[in-house]
Amino acid sequence: MAEPPVVAVVGPTGSGKSDLAVSLALELDGEVINADAMQFYRGMDIGTAKITPAERRGVPHHLLDTLDVTEEASVSDFQQHAREVIRGIHARGKRAILAGGSGLYVRAALDVLEFPGTDPDLRRQLEAELAEVGQEALLTRLRDVDPVTAGRVNDARRIVRALEVHQLTGRPFSSFMPQREYFQPAVQIGLAVDRDVLRERLALRVHRMMDQGLLEEVRQLDAAGLRGGKTAQRALGYAQFLKVLDGVSTVAEATEDTIVATRQFARRQLTWFRADPRISWLDWQAPHLVAQAAALCN
């Protein structure tokens, strides 16, 4: 008997992906797999709007709280773990439901996607060169060997990674980009949002996070080594509120900066997911949303 398709619930932050995934799991006898890179981190609960045990309504959730804030998230590690979890869920006769807005992580789980290896010594060498000659010099070098990637990246970490891959493999990093080909049968459900409503919803959500104790959560994670984590320290809200602890920003400034950054992130997510023609889009506020989504999963 053929395995049922993996279900992925995608869309921008604040659109209700977690809630829909739980409702679908209850409807389809499924289990949920987290595909939000920042929700891998233990203790990063308020600022990531991590679904609470009560909100999970008894549905098993996987790949939440798997990393300390000092550890670096890896798409290739996630791919391996997510596929292991999917196999386990299917072996139990359940439906696997992926939920998250980290686009590359979703594609890593669903699509045929090869990840080149890493070399810590080479990475350190390139990071030392970055510190010595600057980002623009490394970007110029990347343009010579991989103009496609050079035209897409705008931060030092990705430039270093692209150069590392080219030196390791002799292939441009862009040659490893995923094709739109599923690794196994899959259904993607996107939550289509009213952008003006989402803008206000995201602002309210950031203010609610403040009321729930985001600043204290950042303070505790700072003591646990947040600044040493390459991935975690860049998370929305956490980067902004570390500046409050440093006396660089006020709480009001950090709150507004987080709202702006979250809205920008939501726009980038929409651009990413809208580019995938395989996604079936549903109105996030549809009165029969769960039934509509469940009908797509057969």
Query raised in the report: Under a Cβ-Cβ cut-off of 12 Å, what is the net charge of the residues other than residue 236 that fall near it, where Lys and Arg count +1 and Asp and Glu count -1?
Result: +2
Requested in this report: May I ask you to list the aspartates and glutamates whose Cα is less than 18 Å away from that of residue 94, ignoring any residue fewer than eight positions away on the same chain?
Outcome: 3, 27, 29, 31, 84
Query raised in the report: At 222 nm, what helix-only mean residue ellipticity would the chain give, in deg cm²/dmol to the nearest 500, using -39500 (n - 2.57) for each DSSP H run of four or more?
Result: -15500 deg cm²/dmol
Report task. Give the label of the value calculated from the structure for Rg/Rh (Cα atoms, Kirkwood Rh), choosing from [x] 1.08; [y] 0.97; [z] 1.00. Result -> [y]
Query raised in the report: Once you put a point 7 Å from the Cα of residue 124 and another 7 Å from the Cα of residue 296, both along the Cβ direction, what distance in nm separates them?
Result: 4.7
Query raised in the report: Using Cα pairs under 8 angstrom and six or more residues apart, how large is the relative contact order of the stretch 34-145, in percent?
Result: 28
Requested in this report: Going by C-beta contacts inside 10 Å, put 168, 98 in order with the fewest on the left.
Outcome: 168, 98
**Report entry** Rounded if a/c under 1.5, otherwise prolate or oblate - the stretch 120-176, Cα gyration tensor axes
**Finding:** oblate
Query raised in the report: Could you give the nm distance between label points at residue 283 and residue 253, where each point is 7 Å from its Cα heading toward the beta carbon?
Result: 4.3
Requested in this report: Could you pull out every one of the lysines with an alpha carbon less than 20 Å from that of residue 243, ignoring same-chain neighbours closer than 8 positions?
Outcome: 230
Requested in this report: Note down the relative contact order for the chain as a percent, whole number, built from C-alpha pairs under 8 angstrom at least six residues apart.
Outcome: 28
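Read-outs: derived from the displayed coordinates by stated rules, not from any lab. If you're wondering where the values come from, they're calculated on a predicted model, not measured in any experiment. Because the Cβ atoms are built from the backbone with ideal geometry, glycine has one as well, and the counts that use them run over all protein chains shown.
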